[in-house]
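Below you'll find the structure, written out as structure tokens, and then a few comments.
Just so it is clear, none of the values below were taken in a lab; they were calculated from the coordinates. All of these numbers come straight from a predicted model, not from anything done at the bench. Every residue, glycine as well, gets a Cβ built from its backbone with ideal geometry; the counts of neighbours run over all protein chains shown.
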Amino acid sequence: MKITIQKLTGEELESMGVFKWPIWSCEISEFPWSYPVQETCYLLEGQVKVTTDLEIVTFGAGDFVVFPAGLSCTWKVLQAVKKHYSMD
């Protein structure tokens, strides 16, 4: 299970309704997390390093990220995060 990170255009984000999704925010911290369902998110602010059994990925403001269902990982919030998110 791999995390995907993309840069999408404003038009692509708008057509997906991303700016209508709920917003989640978090201060600098580190915590374990698992995804029972797929989560798709778009970072408005911040930077995060996520560690899984397979990879370490870093992403930040402007990134469109998909976490697959069943993924377990550790989030390390390097800069306070604000993101739109959708759980599928």
- Query: Looking at (1) crowded, with 17+ Cβ neighbours inside 10 Å; (2) of a type outside the set (D, E); (3) within 11 Å of the chain's Cα centre (by Cα), which is the one condition that is false for G62?
  - Reply: (1)
- For the range 3-48, how many residues are loosely packed, with under 13 Cβ neighbours inside 10 Å, touching a residue at least 24 places away in the same chain (Cβ under 8 Å) and among the small types (G, A, S)? 3
- Task: For the range 1-31, enumerate the residues that are aliphatic (A, V, I, L, M) and either over 13 Å from the mean Cα position of the chain (by Cα) or in a loop (DSSP other than H, G, I, E, B) (or both).
- Result: M1, I3, L8, L13, M16, I28
